[in-house]
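Take a look at the structure set out below.
Bear in mind these aren't lab numbers, they're just calculated from the coordinates by the rules spelled out. For clarity, every value in this text was computed on a predicted model and none was experimentally measured. Ideal geometry is used to build each Cβ from the backbone, glycine not excepted, and the neighbour counts take in all protein chains shown.
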Amino acid sequence: MGYVAVKGGTEAIEASLARLKYDRIKGEEIVEIKTVLATMRPLVDQVMSEASLYAPFLAALAIKQAGGSMEEAVFLLRAHRSTLPRHYYSETVDTEDMFVERRISASFKDIPGGQLLGSTNDYTHRLLDFNLVTEKKEDHQAWLRQFQEQMNEHDADKELQFFPKVVDYLREEGLFETYDLDDTPPKDITKESIQFPTGRSERLQALTRGQTGAVTSLGYASLRGYGQVHPTIGEVRMGDVPIHVKHPYEEESDPDDLFYIGDVKITEVESLVPVNVKKQNQKEELEFEIGYGISFGQNETKAIAMSILDQCLENSHGEFPTHDEEFVLLHIDSVESTGFISHLKLPHYVTFQSKLDSVRQVKKGGTTNDD
Amino acid sequence: MMTKPHFAFFDEGSKKEIRRTALKAVAIPGYQVPFASREMPIARGWGTGGLQLTLSLIGRSDVLKVIDQGADESVNAVSIKKLVQHTTGVSITEDTAAANIIQSRHRIPEKELREDQILILQVPNPEPLRKVEAREYLTKRMHAEDDYSGAWLLLFEQIMKYGRMSTGAEHPVYVNGRYVMTPSPIPRFDNPKMHQSKALILLGAGREKKIFAVPPYTDVKSMAFDDYPFAVESFEGKSCKLCGSTDVFLDEIIDPDTGERSYQCNDTSFCIEQLNKKEKEEVENSYV
Amino acid sequence: MSETPIVQVRHLQKQFGAGCPHCLDKESVYLEKNYCTSCGTVHAVRDVSFDLYPGEVLGIVGESGSGKSTMLQGLYFDGDMTAGEVYINQPGLAGHNVLTLSSQQKRYIRNNVYGMVYQNPVHGLKMNFSSIGNIAEKMIAAGNRHVGSMEKRGEELLKNVHIPLRRRKEEPQNFSGGMQQRVQIAKALSNNPPILFLDEVTTGLDLSVQASVLDLIKQIQRELQISMVVVSHDLAVIRMLADRSIVMLNGEIIENGLTDQILEDPQHEYTQQLVYSLL
C-alpha cells in the first residue's frame, strides 16, 4: 500500500471538539432556553440586532450553544440566517404605530403625550445585589401580584395609547427641511454587496447590523471631537411595532387586506443635529437634520450611537474617519471583524516562508541592473 | 425543532447567484466581481469565499480535495472538508489527480492541473491596490482606468530601498494583459503556475465580497521591471528530506533539539506520491 | 516666436452656483465683483481666452480670488470647468477640445504633455515616498518599466534642481520648503513635457529661497525651451519670468500684452495700482 498521509489534523479537530463539549457540560448544569429568554432579554436583543434576524428563541438557543459568547452567538444566528430563503419584504413600518413601552426626549420637557420612563437601567445604582445570590421563585410571587394589581388600577381607565412623534411636532414649526415621501425600494446589502458611494438605506442597514461596541465607540469618537456631530436626542422610543406583508400574488394595496405577521420590539432614536444649510441664494442658514438610529430589541446606546453616525455619514468630512463611509461601514460588522482578526490564528507557514526568503535575499544584497 | 441542511448548505437561488458571478469573473479575467457574500458556518477570513464557490459548483459526482498551506491534513482544510462532506456527501480525495474541484489556501499543487479540474483559491485581501489607496471607491476607479502606476511605484520604492523587489507571497500579476490581480496570496513560486494554466482558477474573497478568475489558457504575468526580473523563492541546493524532490516549494523545519535545519515538501500529497513512486521502483528493481 | 500656439484657450468659464438671468450679463448691477447678489453664484472664471506659444513664458497675475488658480486647475484637469474649450497642438491631440476627453486621455496628457508645480508641495508629491520615487512615478505613469533608466533620469533631474544626490532616497517630508519645491519641479520635468504650469511656486518661501527657485525656473526655460504658464499674485515674480502677461480681476482678463509694456504703461486702473505698488 505504501505511504499514506497521517490523519493528524482530523484527529486534532475531533479531540478539540470533544474538549469544547466537555467544557460546556462538565459543570453538570443546564441553562434552559426559556431561562435565557425570561431573564436575559438585553443579551437576546443584542444578538438579534447584530445578527439582523428577529428570532428570540433562536437567539436564546445561539446564546446557550455559544456558552454566552456574544461574537459566537451572533455568528451562529447569522450563519443560520444565510440558510433561510427570503421571499418577501414587509410593508413600511410606521413607528408612530408603536406600542410604546418607553419614550423620552432630551430636547423638550413637555412633549406631546409626555415622557414615559418605562423600564430602564438608567436610574439604578450599580451596586452588586447580593440578595440575588439566594433569590427564590417563591420570594417573587407576592411582589409580582402586588405589581399586577397596581398596574390594573392604573390602566383600567386607559385605552391603548399611541404617541405622536416629537420630530413631527418640530417639523410643523419648520425647523426641518420637509421632504417628499420617497418610495424607492431600499437596497438590501445582504442581497447585493455594498457599493460606494452608498445611499442612505445601505448606510442605515449596515449601521443597524453593526456590532454594538463598534457602533458605540465610533459614535463616541465623534462626540469627543473626532467628528462633527454632537446631537440632542429628540426622541428615544422603545416598544413593539406590527409587521405587515402584502399578499404575494395580488397587486392591490388596500391597507385592510395586508397580512399581519407579528410584532418586533425595536428601539428607535431620532437625534437633532444642527447643520449649516445652503439655501437657494447660496446663503447659509442653521437648520436641524435628523440623525436616525434603530435597533432590534432594547438597545438604546447602539441606536443613539447609530443616529450620530448616520449624520456623520450624511455629511462627509475629510478630516474625520467617523465621517468616512468606507471607514465606518466596512469595519463595524461583528462577523467580519471577529472573523478576520481570528483568522490570524490560522497557519501562515507558506506566506511567512515566502517573506523570509525575500528578507534573506535582501540581506544577501540586491540583484544588479542589466545596464 | 430539527432541521436538515440543504444539499451544499445554500438554497439554490444563492448558488445560482454565485455561479453567475463566477461566470462574469471568467468573462473578465482578473476583474474583481462583487457579490452578496453569504455568512457561512465558518468564520470570515477562514475561507468563506472559496467555500461559497465550492458549494455553489459542487455536484454529487464531484471529487473534492481541500488543502491549506499545501497540506490535506491542515486543521482548517479538514474542517472545510468536513462541512462540505456533511452537507453534500461527495467523495473526498488527497490525490491531486483524482480531484476535479480543488480548494486551496496559499498554494497551487505541485502537480500540473488539467482542463477538467477547477482550482478554487481562498483570498483574504482581493485588492492589489489596497496599499496604494485605502478607499474602495478609488481603487475600483483605478482598475477601470487601467491606472496601476501606484502599484508599480511600490515595487520601485522597494528596489530603491532594498536593491530588489521585496514582496513575499501576494506578488501582483497582470491577467490577460489588463487587470492587475492579487494571486490570493500564493508564494511567488506558484505565480508562474497560473500562466496558461489548463485548469480554471477561481478566486473567492468572502469577507470582501469579491470573486475573480483566471480562465484556462490565460496569460498571467508577474509584475516586474525590465531590468529587475521577477524571482521566485529560492530553494537552491536544497531538497526534500523525505522524497528528495528539488524543484518544489519546501517547508523549512528546525529540529528543536539540535537546531538543525532541514527541508520537506510543502505539498504533502505530492511528497507521498513521490515516495510511493520510489518504493514501487525499488520493488520492481529488486525483482529484476 | 513661432506662429502656431501650442495651447489655445477659448471662452473658459467656471461658476460655483447655478447662475440666474440677472448675472448672465457681465455688466449686470446684480454683480458685486464676480458674486451675484441675486442668486449667490460666484463667477470664478469669466470668458477667458488666450494663446500660449511654443517656448514662451506666459505670466498670469491677479489678486487672490481673481480666478487665476481656478483657471489653472481647469487646464490641468484638477477641477471641471463649466464651459469653454482648450486645444493642445501636439501629435494626436490637435483639433480636440481636451476638456471633453475621457479621464484616461486626460491622464495621458497630464503624464506626457503637462508638468505641474503646485504652490503646496503636498499636492504634487507623495511626502512619504523617496524623492527619486516621486520623480519616477510620473515616468512610470507614462509607461516606463526600466528602473535603471528612471533612476538615471531622476538623478540627472535632482542634480539640475540642486538636490544633493546622497539625499535622493530620502522622503520629501524631511526636506525644507524650498527643497520640496525643487523636487516638485524635477518631477514635473521628468517626461520632458512641452508645457509646464507653475502655480504660486514661490509663495510662502523665504526671500533667498524664492530667488534660487526663480533662477532655477529661468535656467530650465532657457535650456529646455518649455512653454510655461506662471501664475502668481506677485508682479515681481511675473516680471522676472514672463515674456507676456495677462492680468486677471474678478474672473476676467482685464489686460494682456508684453510684460514690459504692461509694466511701463498699464492701461487698466487695477493694473496701474498693481504696478505702482511694485515701484
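Legend: calculated FRET efficiency, C:Asp243 to B:Lys221, from the Cβ-Cβ distance at R0 = 56 Å, rounded to 0.05, equals 0.70.
Using +1 on the beta carbon of Lys and Arg, -1 on that of Asp and Glu, and nothing else charged, what's the dipole of chain A about the Cα centre, debye to 20?
I would put it at about 2400 debye.
Between region B:1-50 and region C:181-229, the C-alpha centres lie 55 angstrom from each other. All other residues with a Cβ under 12 Å from the Cβ of B:Thr139 taken together, and with Lys, Arg as +1 and Asp, Glu as -1, what is their net charge? The answer is -1.
Toward the positive end of the charge dipole of chain A, with +1 on the Cβ of Lys and Arg and -1 on the Cβ of Asp and Glu, the farthest Cα among A:Gly68, A:Gln211, A:Ile341 is that of A:Ile341.
What is the order of A:Glu72, B:Glu157, fewest Cβ neighbours within 10 Å to most?
By the 10 Å Cβ count, ascending, the order reads A:Glu72, B:Glu157.
Going by neighbour counts of Cβ atoms within 10 Å, the residues A:Ile290, B:Ile253 line up, fewest first, as B:Ile253, A:Ile290. The gain in end-to-end length when the A:Arg360 to A:Ala18 segment is fully stretched comes to 118.9 nm, 0.36 nm per residue minus the alpha carbon separation.
Using just the helices of the protein assembly as shown, give the 222 nm mean residue ellipticity in deg cm²/dmol: DSSP H runs with n ≥ 4 each add -39,500 (n - 2.57), and the total is spread over all residues, rounded to 500. It comes out at -11000 deg cm²/dmol, rounded to the nearest 500.
Compute, for region B:234-288, the length of the dipole vector about the Cα centre, with Cβ point charges of +1 (Lys, Arg) and -1 (Asp, Glu) only. Units Debye, rounded to 20.
Computed about the Cα centre, the dipole is about 100 debye.
In percent, rounded to a whole number, the relative contact order of region B:234-288 is 30, using alpha-carbon pairs under 8 Å and six or more apart. Taking other C-beta atoms within 10 angstrom as a stand-in for reagent exposure, C:Tyr118, C:Tyr87 fall in the order C:Tyr87, C:Tyr118, fewest first. Cross-linked pairs B:Lys238/B:Lys277; B:Lys24/B:Lys140; B:Lys209/C:Lys138; A:Lys345/B:Lys111: Cα-Cα separations exceed 24 Å for B:Lys209/C:Lys138; A:Lys345/B:Lys111. Take each residue in A:332-345, count the other chain C-beta atoms within 10 Å of its C-beta, and the mean is 5. For chain C, relative contact order (Cα pairs under 8 Å, six or more residues apart, normalised by length) works out to 24 percent. With both labels modelled 7 Å from their Cα along Cα-to-Cβ, the C:Gln173 to B:Ala144 distance reads 3.0 nm. Across region B:227-235, coupling constants 3J(HN,Hα) worked out from phi with the 6.51/-1.76/1.60 Karplus curve, θ = phi - 60°, read 9, 10, x, 5, 10, 7, 4, 9, 10 Hz, and Gly and Pro carry x.
Within 10 Å of the Cβ of each residue in C:127-140, the mean number of Cβ atoms contributed by other protein chains is 4. Relative contact order of region A:10-82, taken over Cα pairs closer than 8 Å and 6 or more residues apart, is 26 percent. Straight Cα distances below 12 angstrom link B:Lys278 to none of the aspartates and glutamates, with same-chain residues fewer than 8 positions distant left out.
The trypsin sites (Lys or Arg not before Pro) of region A:213-287 meeting both criteria, a DSSP state outside H, G, I, E and B (loop) and at most 15 other C-beta atoms within 10 angstrom of the site's C-beta, are A:Lys279, A:Lys283.
Taking GluC sites (Glu not before Pro) across region C:127-231, the ones in a DSSP loop with at most 16 further Cβ atoms lying within 10 angstrom of their Cβ are C:Glu170. Ranking B:Ser104, A:Phe108, A:Gly8 by how far each Cα lies toward the positive end of the dipole of the protein assembly as shown (charges on Cβ) leaves A:Gly8 at the top. Neighbouring Cβ atoms from other chains, within 10 Å of the Cβ of residues in C:101-108, number 2 on average.
Treating only the Cβ atoms of Lys and Arg (+1) and Asp and Glu (-1) as charged, compute the dipole magnitude of region A:9-82 about its Cα centre; round to the nearest 20 debye.
The calculation lands at about 180 debye.
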